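One structure below.
The values are calculated or read from the model by the stated rules, or taken from the named source; none is laboratory data. Note that this is a predicted model, so its numbers are computed, not measured. Here Cβ is always computed from backbone atoms with ideal geometry, including for glycine, and neighbour counts include all displayed protein chains. Heavy atoms of the whole protein, side chains included, go into the accessibility calculation; ligands, DNA and RNA do not. Shrake-Rupley method; radii C 1.70, N 1.55, O 1.52, S 1.80 Å.
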Amino acid sequence: MPDSFVTVTIIHWSAVAIYALATGCNTAGILFRKERAIRIGFGLVLGGLAIHGAGLLFWWRIVGHGPYIGRFEVLSSQAWLALALFLVFRHFLPRIAVASLLVYPATFLMIAVGLFFAPQARMLPPTLRSVWLVLHVTFYKISVCTLLVALAFSVFFLLRERGGGRWLTRLPDPETMDLLAFRFAGFSFTFWSIAMLAGSIWAYQSWGRFWGWDPIETWSLITWGAFGLYLHLRRFFGWKGARAAYFYLICFLLSVVSLYFTPLLNSSIHSEYFN
Amino acid sequence: MHVLKRFLLSRTTVLTLIALMLGAVVVGYLFPQRFLVTPAELARWQLAHPQLAALSRLGALDHVYTSPWFALLLGCFLAVLAVSTVEQFQRALQKTLKGDVAGDPVFVARGEEAVAAILRAKGFRRLGTVAGGSRFVKHPGGYWGPFLLHLGIAVSIGAALVILLFEQRGVLHLVEGETAPPGAPWYQEERGLLAGTLLLPAAVRLDRVAAAYWPNDDLRQLTTDFSFIGQGGVTAVSMGINRPAWFRGVRLFQGKSYGRAFYVEFRDARGEWHGEILQLDQPANRAQASYGTFLLGWAPFRLKAKYYADAARRGPESDQPLLVLRLVDGARVVSELPLTVGGTGRLGPYAVSLTRTARWGGIIFIRSRGMAGIFFGFFIICLGGGLSYWFPPREILLRRDGAGCRLCWRAGRFAAMYRDEFAAVLAQAAGSAAAATGGNPVCPAGEASGDAAAAPPEPPAANHRQ
């Protein structure tokens, strides 16, 4: 078993190194308009994704369950899915390619943080054996990708608004960035809703109650409500530009609190999945 | 009626209600809730924060989610959502049947049929005629996305409200072999604001509690076998975590709590005999004990108990658990006695024996209407979200104009992101026409006979709506 842990750790650190290299190439390519560097970055990311995916599958085989308990596997799988999904989104919406400036580094940072918690094999408690849990967790993981893309465009918009550097002029026009932030926040809202509902069905089957006002559930609902507010403010009250971007940053912070900090509270029944 | 509808659909009302709901949830998080903390913890908090405690009592802030004001808020939210959903339905129907095209047309020097063929090749489908032109729509289902999204949320919240008002829930803790008669009091009971007491539908006998463990002592599965005993005979039921059961309209869930009951006999100095069943929780692992404190009506002492799953610490479960009893007088320990099954000894003034042990477990009984709504809402939201964000409808109105034709374009959502798609249609039409005529084939309406730009124009800004 310890040998397996070492192997998994090495694979993950290799993926981190490749992603870091890809981030460098990609960032330089976008900033200095070097198509070749962007292409190299993209190739590296694909390679990193394959190695990282192999590491996750190996880990899956060791522990005998999907990557949804324990900080290391949660963060690593979230990083993998966020990046893979981003590449899928990018294929259909090429305009979001510049969000890679934020998505690539966010990915390797998530893996690195996960590795600092040291991989530990956790046995699956009976409450976590449900297809609804798999859906619940998967949709939150999908949300992470859309949250990051919306964050990227909100941040780029604000930087551009404040003057920023010359490199910002190489990004899409502010109107497009604002719209992309709005659209991906909408995706996040939808995936978050689905994740929350799948979670409530899972909770009902496991504990006989669909909602228990556990801290994670409460913060998840607060985040969902904040995203609902954001979307309504944009659609019906004409909020856009810097005001909307700042509001999105609040929503994003709430989502980070919900996803990564509330599971650390021992009072939560969810804590067994993250601690 | 019209005024009420306008009020419910008002943007300010919607926003205010979302903000109030958010505020209620935050209050519910900040104030300790009765169902989340023990009475002792709640009392401690109230003593530490007398002013907040008074406020909490006044506004039912210690049970936000079962308070009438929260139910009222949820009801208002549902009403707004319902009216908004109806409105969205009407809008979607109108857009589907009559179209959603507006703005300035663009002239293309190409035949109607040829442009129609290009549109079909790009995924647009002809959906009838409007204002003398043919309507081509890509992803018409996308018009129904916002309606379905609102409907799904309305159904889910409606179902949650039904559960909040009508759910009945009772928990039984039984020792193996013990029978609870029909209508027996619950160990724990919760019920909705408008729900009556849930009655135990038949006598229940707990037959067996079986726990399986992983090698690291974590729980692998917990299974309970029990029987309903009634006039119709005995019905055996088996259930486990994530494996609920049904009985006469009541859903049965495996309770998380389980442990061991110790049958202890005490004989005092006068020779009087007292039998006690001490129920203790299952220890977290083989090395740790679980603890309990018991008040004995017949003795002036408190009895503290400690239980290890296996006296030899060989596993998380065995037939030889270790029970350690401690007699306490105030803060002073009077006596301590470790016991295994069949063991006897002296505990202060008492002769004590542990005659046998049995497992105990919990069964949760729930009568609830509304969960089906949560499931249904889930699927509608998935569908609505998918249609809204993955398939925004794009519509083109194609009108014959002399030898060429005019095109009006509109995207249902995120128009700026689909400009390129329309530009590609125009470019393709223009490219073919230019090749055929050698002239400039595309220009905004009104300039069809004048000088036009060489590149395809952007669709008119007035058409863009998020």
In the range A:63-91, how many are open to solvent by 40 Å² or more (accessible area, probe 1.4 Å), part of a helix (DSSP H, G or I) and closer than 19 Å to A:V6 by Cα?
1
Tell me which residues, restricted to the range B:377-402, are open to solvent by 10 Å² or more (accessible area, probe 1.4 Å) and of a type in the set (D, E).
B:D401
Considering (1) out of contact with any Ser or Thr (no Cβ under 9 Å at 6 or more places or on another chain); (2) more than 21 Å from A:Y204 (Cα to Cα); (3) loosely packed, with under 15 Cβ neighbours inside 10 Å, say which one B:T179 fails and leave the rest.
(1)
Of the residues A:L254, A:L221, only one is open to solvent by 20 Å² or more (accessible area, probe 1.4 Å) and over 30 Å from B:G192 (Cα atoms); which?
A:L254
Sort out which residues of the range A:92-133 are modelled with pLDDT under 90, open to solvent by 20 Å² or more (accessible area, probe 1.4 Å) and β-branched (V, I, T), and write them in order of number.
A:V131
Given the conditions (1) within 14 Å of chain A (Cβ to nearest Cβ); (2) crowded, with 21+ Cβ neighbours inside 10 Å, and given that B:L323 satisfies all but one, which numbered condition is not satisfied?
(1)
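Taking the options B:A284, B:A299, B:A269, name whichever one is open to solvent by less than 40 Å² (accessible area, probe 1.4 Å), assigned to a loop (DSSP other than H, G, I, E, B), of a type outside the set (S, T, Y) and at pLDDT below 90. Give the derivation first.
Details: B:A284 fails: open to solvent by less than 40 Å² (accessible area, probe 1.4 Å); B:A269 fails: open to solvent by less than 40 Å² (accessible area, probe 1.4 Å).
Sole residue among the options that is open to solvent by less than 40 Å² (accessible area, probe 1.4 Å), assigned to a loop (DSSP other than H, G, I, E, B), of a type outside the set (S, T, Y) and at pLDDT below 90: B:A299.
Could you pull out the residue among A:F210, A:F182 that is in contact with a helix residue (DSSP H, G or I) (Cβ under 9 Å, 6 or more places away or on another chain), among the hydrophobic types (A, V, I, L, M, F, W, C), within 10 Å of another protein chain (Cβ to nearest Cβ) and part of a loop (DSSP other than H, G, I, E, B)?
Values: A:F182 fails: part of a loop (DSSP other than H, G, I, E, B).
So the residue among A:F210, A:F182 that is in contact with a helix residue (DSSP H, G or I) (Cβ under 9 Å, 6 or more places away or on another chain), among the hydrophobic types (A, V, I, L, M, F, W, C), within 10 Å of another protein chain (Cβ to nearest Cβ) and part of a loop (DSSP other than H, G, I, E, B) is A:F210.
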Condition check: more than 19 Å from B:S353 (Cβ to Cβ), under 32 Å from the mean Cα position of the chain (by Cα) and of a type outside the set (K, R). Does B:Y258 satisfy that?
yes
Could you check, for the range B:225-235, whether at least one of its residues is open to solvent by less than 40 Å² (accessible area, probe 1.4 Å), within 30 Å of B:A305 (Cα to Cα) and at pLDDT 90 or above?
yes
When restricted to B:A79, B:A24, B:A19, the only residue closer than 30 Å to A:G238 by Cα, within 11 Å of another protein chain (Cβ to nearest Cβ), in contact with a helix residue (DSSP H, G or I) (Cβ under 8 Å, 6 or more places away or on another chain) and surrounded by fewer than 16 Cβ atoms within 10 Å (Cβ to Cβ) is B:A19
Matching option when the condition is in a helix (DSSP H, G or I), in contact (Cβ under 8 Å) with a residue 60 or more places away in the chain, more than 8 Å from chain B (Cβ to nearest Cβ) and among the hydroxyl-bearing types (S, T, Y), among A:Y246, A:Y230:
A:Y246
Inside the range B:216-257, the number of residues satisfying the requirement of being at the interface with chain A (Cβ under 8 Å from one of its Cβ atoms) and of a type outside the set (K, R) is 10
